[in-house]
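Comments concern the structure below.
Every read-out reported here was derived from the displayed coordinates using simple, explicitly stated rules and does not represent laboratory data. Keep in mind that what you see is a predicted model, and the values were worked out from it rather than measured. Cβ: placed from backbone, ideal geometry, glycine included. Neighbour counts: every protein chain shown.
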Amino acid sequence: MFRNKLLANAAVSLAVMAFFPMPAAAAAPAAVNAPTEATPQSQDSTRGVRIGRGRTRTLGVAEGTVSPERAAEILASATTVAASAGLPCQVTEAKSLGTLVDTEAELFEVVCASGPGYLIAATTPPTALNCVALAASAAQTRAQNPNADVGAECSTPRNLDVIASIQPYAQAAGVDCQIDQAAWLGKPDEASDRYEIGCAGTAGYWVEAPSNSFEPNRVLSCTEVAAAGATCRFTTREEIAVSVGAMAAAAGRTCQVTEARFAGQNSSGRFFEAACADGPGFMFRVNDNRVDQTWDCADAARIGGGCQLTDPEVINASAAETEQARLNRVGLNCAYQAHRPIGADNRGRDVVEYQCSDQPLGMIAFIGQSSAESEGMDCLASELLAVSCSLTGKSTVAEALTRMMAADGHSCTVVDFDVLSPAARASRGEAVEVKCADGSGYLVEAPADRQRTGQVRSCAQAREFGESCNL
């Protein structure tokens, strides 16, 4: 006689496979879509029928002594019950474990041609327990209490082969690796199961699928799982580096990847960071399974929180060398200190802000293929193009205007300014309205040499010429 806890304990033990809360993934070009918490669910409630309450009786026939006629009958009955349960199972082997006293429903263990096997109770409707899930929860229970009664378990060797049982999920998920480990992790929702797949030498995966289907509704690489603050038991940091390094190789970067991370995703693709054994790392974007763009760490501050695996001093040193060489190549004078990529103009030139030790007002550079196609302007002149500087603050430009006016004999502590137009006279430069700390204002010419102002009119004088101040 089976004790009344046979299936009740098996079902309850499935609830042990809970997950601790996962921190939100780091913000990237878009937030990482983090794995949701796997909510403990009793497997015996998935079809609305509880099984295993009350006593069960055996059929009185010892295992291994079933007659061919009875074996055929069991196989036929189990096949019918599996089909009624809606299981994705072509039953190839079955055995009867007894009947439920409460309902006289027969209990079967079935082996499927592919995927996990099941314990199935021929209740109305039938209720099924996944053998891989049962084994995982039983192991968890025994780890906590070796003497615990875990209830009914699958015993057929094929049903205890976890890798073979999970293989169909891996194939449907497009997992192309040599699977060396696998496990059932829990139920992210009432109707689904989550599995972990370990790959030999590379990062593995989490795969989620409806309990009655091999078609995954969610696939996460362990690189993504790690970024969300969770853990893949069968994937090491070194294997994540190998996987990301294989993708990065397609970008044409010379880098022995020592560490890597998933940095996020948005509508344009998925973003990764790679750290290199020699020199600074880089970020890259994968779209349609190919790398379509890369960024040096110095240019990736706004992607996925910037590079986190490369020492900032290494990044800065590399950026200084690279950017100084770039400026020299196109003939732009700047003793490099820092830079900020802005984008590209309508001529396809890179637009970059630079902070230069020999350029007090900073520089906005428009960098083409040659010096003839490139040009630079300071952070006062760039306002005419609606390109504002951030490495060189507006207060720095205001201080420069204050000094220029003082050099020309005008007392005005500039607190605000507005660049109006190119200067009308031959001195070049810009026409600027300035507002002084005492509330007065002027329209001034700021010659290109930035040494002193050119023509200066107070706002009262400007009105006499039909001009107006707006600050």
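In this simple spin-label model, placing a label point 7 Å from the Cα along the Cα-to-Cβ direction at both ALA148 and ALA372 gives a separation of 7.8 nm. Protection proxy ranking, highest mean first, for peptides 201-213, 323-335: 201-213, 323-335, where packing is the per-residue count of other beta-carbon atoms within 10 Å, averaged. Considering only alpha-carbon pairs that sit under 8 angstrom and 6 or more positions apart, the relative contact order computed for the chain is 9 percent.
When Rg and Dmax are taken over the Cα atoms of the chain, they come to 35.1, 116 Å. Taking GluC sites (Glu not before Pro) across the range 428-471, the ones in a DSSP loop with at most 16 further Cβ atoms lying within 10 angstrom of their Cβ are GLU467.
Around the amide H of THR310, modelled in the peptide plane, lies no amide H under 5 Å away from a residue 5 or more places distant or on another chain. Fully extending the segment from ASP288 to THR396, taken as 0.36 nm per residue of separation minus the present Cα-Cα distance, adds 34.3 nm. The HN-Hα couplings worked out from phi for the range 261-277 by the Karplus form 6.51 cos²θ - 1.76 cosθ + 1.60 (θ = phi - 60°) are 8, 7, 9, x, 8, 8, 5, 8, x, 10, 10, 9, 10, 10, 9, 10, 5 Hz, whole numbers, x standing for Gly and Pro. In terms of the mean number of neighbouring beta-carbon atoms within 10 Å, the peptides 403-416, 154-167 order highest first as 154-167, 403-416.
Annotation: amide H-H contacts under 5 Å for ALA423 (H modelled 1.01 Å from N, sequence separation of 5 or more, or interchain): GLY429, GLU430, ALA431. Listed by chain and number, the aspartates and glutamates whose alpha-carbon sits under 17 Å from that of LYS95, ignoring those within fewer than 8 places in the same chain, are GLU63, GLU69, GLU73, GLU104, GLU106, GLU109, GLU153.
Using 0.36 nm per residue and subtracting the Cα-Cα separation, the extra length available between ALA200 and GLN178 on full extension is 7.4 nm.
For the range 121-138, 3J(HN,Hα) computed residue by residue from phi via the Karplus equation (6.51, -1.76, 1.60; θ = phi - 60°) reads 9, 7, 7, 10, x, x, 10, 10, 10, 5, 5, 5, 5, 4, 5, 5, 6, 5 Hz, glycine and proline entered as x.
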